[in-house]
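First comes the structure, then the notes that go with it.
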Amino acid sequence: MLLPNALYTEVSINSISTTTKTSDLNSLIAHSQEHCTPVYALTPAQLKQQGTVLEKTQVKQEEFREIFCDLADKIIALSLSYAVTP
């Protein structure tokens, strides 16, 4: 990590080497790359799924969106707390 350890603790990043953990994304990564779309923004048409399979995939997408948003908030907080003003 590049910033002082105390800053990471302030934004709830407790591990020196891990900022966040994600669940198994299975085929979502392949679809994401194929459609140049974030995992959490893939549509049912892009996923080519329906029924129970689609519902389970959408739950995983929402979990990933929440993880991504949480990580983004932590990075923004780190940036703001260590920003250098001229």
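The values are calculated or read from the model by the stated rules, or taken from the named source; none is laboratory data. Because the structure is a prediction, the values reported are computed rather than measured. Every residue, glycine among them, receives a Cβ derived from its backbone with ideal geometry; neighbour counts consider all protein chains shown.
Assorted remarks:
- If only residues of the range 59-86 that are farther than 21 Å from Glu10 by Cβ and in contact with a helix residue (DSSP H, G or I) (Cβ under 8 Å, 6 or more places away or on another chain) are counted, the one that is surrounded by the fewest Cβ atoms within 10 Å (Cβ to Cβ) is Glu62.
- Meets criteria (within 30 Å of Ser12 (Cα to Cα) and surrounded by 15 or more Cβ atoms within 10 Å (Cβ to Cβ)) for Gln49: no
- The helices (runs of 4 or more DSSP H) falling completely within the chain that include 1 or more residues that are modelled with pLDDT under 85 map to 5-10, 51-81.
- Within the range 45-71, the set of residues being without any contact (Cβ under 8 Å) to a residue 12 or more places away in the chain, more than 15 Å from Asn26 (Cα to Cα) and aliphatic (A, V, I, L, M) comprises Ala45 only.
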